[in-house]
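Working notes, beginning with the structure itself.
The values are calculated or read from the model by the stated rules, or taken from the named source; none is laboratory data. Owing to the predicted nature of the structure, the values given are computational and were not obtained by experimental measurement. Cβ atoms come from the backbone with ideal geometry, glycine included; neighbour counts cover every protein chain shown. The accessibility values were calculated without ligands, DNA or RNA, using every heavy atom of the protein model including side chains. Shrake-Rupley method; radii C 1.70, N 1.55, O 1.52, S 1.80 Å.
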Amino acid sequence: MMLRSLLYVPGSSPRFLERAHERVADAIIIDLEDAVAANEKDAARAALARTVPMVGRGGALVVVRINTHDETAMLADASAACEAGAGALYIPKVSSPEILHKLDGHLQPLETAANRPPMRFAPLIEDPAGLLNAASVAAGPRVFALSAGGEDLATSMGAQPTPEVLRMPKLMIHYAAKAAGVLSFGLLRSTADYADKTTLSAAISEAKDFGFDGATCIHPSVVPLLNEGFSPSEEELDRARRLIAAADAAAQAGIGAFTFEGKFVDLPIVTRARALLARSPG
């Protein structure tokens, strides 16, 4: 399943939750953390039994962003998400794999009792310790993706969340994800102004070139841009098919490297073309 667009929806906002399945996002993240006021967190958690199936009825992967500031709240959020049938947890402020092992051990008996598949984890790196431990976090239990929390990461460093400040940390987290063979979510440029479609499209194109798999967003209008921007274009797919056909013909003729449409081609280029086709939804 391609995960190009992950739309955040506040877990305490029925108006947004009721329409989330119409937004054609690949994943819906029900947020129990920053988007929910402290006095509404218990109610938002209790509502997961209703909201998880509600937002997932269009076929999107349902992810729940849990609270990790307090262990009791964290485990209660994880339990409720599991029992509601969510497919994954977005886990904020992960500084080491320890929190992942704790959640893994907590969820195993619940999943066995419910006879359901194991939930997957997407750790969110939001401080320097997590940044330096990104490789071990990516290799932790159940991890299927990594992402950077830019605002919190900058705050934890006493810095401003400018593109210049965040570019290297985001790339470090991205490289850790790729080294572990898991998905990498994010953009390298600031996207605070979601109405600026030109800037957003440029940021998405840049992230795709760097190998990011998708990104989160907080406004439904961004979802189509992410879906289109992180999908291979028809021109890219057509060229990849023709290149692979030429590579297969060269291999049958006992030729390794060859020239295709005026450009030198060797194994890494062919491998990249095959990977592009493998990621295509068609």
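Per residue, the average separation of C-alpha pairs within less than 8 Å and at least 6 apart gives the chain a relative contact order of 15 percent. If R0 is 35 Å, the Cβ-Cβ spacing of Asp248 and Met1 corresponds to a FRET efficiency of close to 0.80. Under a 5 Å amide H cut-off, with hydrogens placed 1.01 Å from N, Ser5 pairs with Asp26, Ala27, Ala215 among residues at least 5 apart or on other chains. Please work out the Cα center distance from region 188-261 to region 76-125, rounded to the nearest Å. What the calculation gives is 31 Å, centre to centre. When each of the peptides 250-262, 127-139 is scored by how many other beta carbons lie within 10 Å of its residues on average, the order from highest to lowest is 127-139, 250-262.
In angstrom, the C-alpha Rg and Dmax of the chain are 20.2, 70. Ranked by the mean number of other Cβ atoms within 10 Å of their residues, highest first, the peptides 18-27, 3-12, 67-76 fall in the order 3-12, 18-27, 67-76. Available extension along the chain between Ser280 and Met157 is 40.4 nm, counting 0.36 nm per residue and deducting the alpha carbon span. Principal-axis analysis of the Cα atoms of the chain puts helix 234-252 at an angle of about 50° to the longest axis. For the residue pairs Lys93/Lys197; Lys170/Lys208; Lys178/Lys263, the alpha carbons lie more than 21 Å apart in Lys93/Lys197; Lys178/Lys263. Think of each Lys and Arg Cβ as +1 and each Asp and Glu Cβ as -1; about the Cα centre, that makes the dipole of the chain roughly 620 debye. Heavy-atom accessible surface of the chain, averaged per residue, reaches 48 Å², computed with a 1.4 Å probe. Within region 225-251, find all residues whose amide N lies under 18 Å from a label point positioned 7 Å from the Cα of Arg272 along Cα-to-beta-carbon. Counting only backbone N, you get 230-248.
Return the carbon/sulfur percentage of the accessible area of the chain, one whole number, probe 1.4 Å, all protein chains in place. Roughly 55 percent of what the probe reaches on the chain is carbon or sulfur. Think of it as helices only: each DSSP H run of n ≥ 4 in the chain is worth -39500 (n - 2.57), and spread over all residues that comes to -15000 deg cm²/dmol at 222 nm. Of the residues Leu61, Ala240, Leu171, the one whose Cα sits farthest toward the positive end of the charge dipole of the chain, with +1 on the Cβ of Lys and Arg and -1 on the Cβ of Asp and Glu, is Ala240. Here each label is just a point 7 Å from Cα along the line to Cβ, and for Ala37 and Val165 those points are 2.9 nm apart. Using only Cα atoms, find the angle between the long axis of helix 197-210 and the longest principal axis of the chain, and express it within 0 to 90 degrees, rounded to the nearest 10. Approximately 70 degrees, to the nearest 10.
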